[in-house]
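One structure below.
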Amino acid sequence: MVHTPRWSRPALMLPVVLAGCAGTAAPAADSPASPAASYRLVDDLCTKLDHQPLLDVAGGTTQVRDRPDRPDRKSCVLSAVSRDPLAIHAVTITMLVADSTTAARESLGGPPPAGAQGIARKASGVGDGAWVSIPPANGPITDPPEPYDGPVDSRLSMAAAMAGTAVVHLQLNFIAAQVPNEARTEELAMEYARQTLALMTY
């Protein structure tokens, strides 16, 4: 008997409206210290991001949607939608500016467990710290609800990064006949974390 995972309709009906070298000489005593970078929340973030990395993974066309703001953070959704067959790949990005680097580190936190055979680890090369949590894909689901046609797979992953007092949290939700593998998911998450931190810097 083949076991088919059961998934709720809300999980599948993602709305279509929808990145020191040792021995270095110390600076001269009279050299001015480099000013610490300052960070800000970015209006229309998902519009300002480069959409091509998502299109390279998902194809289709991109859509953006802002989510309700909170006083200390902004959030938006960048989606790539293909219609034949229907596939939706969405990256939800939430950014905040903490009161201190210590508070930013606390907000960054660490990766939640990814589950059996998934990955949950620190990531390098982005800001002052980053992590990803990518569980195994869920599927194939052989009898998905409309408007999906044919077996579909899904994966919900999370990531975060920080630089100074800026923090970015990402949620990647993929629903398609075949979802990106762990390596491409991590690459995409870190690319949008990197882009967001760069836009937040002034």
Let me cross-check Asp128: its accessible surface, 1.4 Å probe, with only protein heavy atoms counted, in Å² to the nearest 10?
90 Å²
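Ignoring ligands, DNA and RNA, how do Thr201, Thr196 rank by accessible area with a 1.4 Å probe, largest first?
The ordering from most to least exposed comes out as Thr201, Thr196.
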Given the convex hull of the Cα atoms of region 43-202, what is a quarter of its surface area in nm²?
9.5 nm²
Cα centroid separation, region 109-153 to region 169-202 (Å)
11 Å
May I ask for the net charge around Gln195, where only other residues with Cβ less than 9 Å from the Cβ of Gln195 are counted and Lys, Arg are +1 while Asp, Glu are -1?
0
Tell me, what is the 1.4 Å probe accessible area of Thr62, in Å² to the nearest 10?
40 Å²
Heavy-atom accessible area of Leu199, protein chains in place, probe 1.4 angstrom, given in Å² to nearest 10, is 50 Å²
Within the accessible area of region 97-153, what % is carbon and sulfur when the probe is 1.4 Å and the other protein chains stay in place?
47 percent
Å² of accessible area per residue within region 44-202, as computed with a 1.4 Å probe and no ligands counted:
47 Å²
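The values are calculated or read from the model by the stated rules, or taken from the named source; none is laboratory data. Computed from a prediction, not measured in an experiment: that's the story for all the values here. We place every Cβ from the backbone using ideal geometry, glycine too, and count neighbours over all the protein chains shown. Side chains included, ligands, DNA and RNA excluded: accessible areas come from the protein's heavy atoms. Shrake-Rupley method; radii C 1.70, N 1.55, O 1.52, S 1.80 Å.
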